[in-house]
Amino acid sequence: MNFITSFGFSIRWRKQFLKKMSESNKNIEIIDLMTGMGETWNATKNKFQKSNLSALDFSEGMLKYAEKKNNSKFNNEITLLNQNILENNLPSNYYDIVTCAFGLKTFNDEQIKTLAKETNRILKKGGEFSFIEVSKPNNNILTFFYGFYLGKIIPILGKLLLGDPIEYKMLWKYTNNYKNSKKAEKIFNEIGFITEYQSYFYNCATGFNGKKVT
């Protein structure tokens, strides 16, 4: 559904936001936050072939689909964690890389601050992270058509293909409220990360990446 409705951009953006992190041939520990159904796993394992990948999501429903993918395509090598990243029992200073694709738009500022603190806690010193989220374009004409597509067309497709899930009904509302990743990037920077802001395809998606230095 995401691949079809984004005309393939969801796959392209997942690859692009992973490119912001350093290459590694070591047996590193990676965790994918708010993993959903595991749409980022292929790109992650292709880039970090020797990595041990964990995937976290608070939704049991999402993880049921992720478990099927883990079994059929990844030989059950991915560790699935049914937890809320804002209240978790993940080990401190453990992960080399934290990733998160399209999981920020429903968070308020305080939740993003908590997310930043937890990302800092679970990352090793020198560890890296990368986040990406659908965003509101800067161009008014593009915003009109993008908003119409996300707000009107995608909910119809969601109803036809998936039985009317609420996430597709709310997609443009969440995106319009989120606007872009600048505020989230600033919050992560204030926590103590070295950060860099990213824009993808005329700001239709934005993100940020960074490193834990202390």
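The values are calculated or read from the model by the stated rules, or taken from the named source; none is laboratory data. Because the structure is a prediction, the values reported are computed rather than measured. Because the Cβ atoms are built from the backbone with ideal geometry, glycine has one as well, and the counts that use them run over all protein chains shown. The protein model used for the area step is the full one, side chains on, heavy atoms only, and it has no ligands, DNA or RNA in it. Shrake-Rupley method; radii C 1.70, N 1.55, O 1.52, S 1.80 Å.
Can you classify region 24-84 as rounded, prolate or oblate using the Cα gyration tensor, where a ≥ b ≥ c are the square roots of its eigenvalues, rounded means a/c under 1.5, and otherwise it's prolate if a/b beats b/c and oblate if not? It is prolate, given that a/c is not under 1.5 and a/b is the larger ratio. The heavy atoms of ASP109 present about 70 square angstrom of accessible area, all protein chains included, probe 1.4 Å.
If we count GluC sites (Glu not before Pro) as exposed when they sit in a DSSP loop and have at most 14 other beta carbons within 10 Å, what is the longest stretch of the chain that avoids them all? Display every interim value, and only then the final one.
Details: sites that count: GLU23, GLU77.
Longest run free of exposed loop sites: 78-214.
With 25 Å as the limit on Cα-Cα distance, the pairs of LYS45/LYS186; LYS19/LYS105; LYS15/LYS136; LYS47/LYS73; LYS73/LYS125; LYS45/LYS182 that go past it are LYS45/LYS186; LYS73/LYS125; LYS45/LYS182. Counting only protein heavy atoms and a probe of 1.4 Å, the accessible surface of the chain is 51% carbon and sulfur. Note on the chain: GNM, Cα springs under 10 Å; of PHE193, PHE74, PHE102, the largest mean-square fluctuation is that of PHE74.
For the residue pair ASN76 and ASN93, what label-to-label distance in nm results when each label sits 7 Å from Cα along the Cα-to-beta-carbon direction? Modelled inter-label distance: 3.4 nm. With springs connecting C-alpha atoms under 10 Å apart, model the chain as a Gaussian network and identify which of SER92, SER135, SER72 has the largest mean-square fluctuation. Among SER92, SER135, SER72, the largest GNM mean-square fluctuation belongs to SER72. When shorter helices are ignored and each DSSP H run of at least 4 residues is given -39500 (n - 2.57), the per-residue value for the chain at 222 nm works out to -11500 deg cm²/dmol.
Of the trypsin sites (Lys or Arg not before Pro) in region 12-116, which ones lie in a loop per DSSP and count no more than 15 other C-beta atoms within 10 Å?
On the way: sites: ARG12, ARG14, LYS15, LYS19, LYS20, LYS26, LYS45, LYS47, LYS50, LYS64, LYS68, LYS69, LYS73, LYS105, LYS113; in loops: LYS19, LYS20, LYS26, LYS50, LYS105.
Here the sparse-neighbourhood loop sites are LYS19, LYS26, LYS50.
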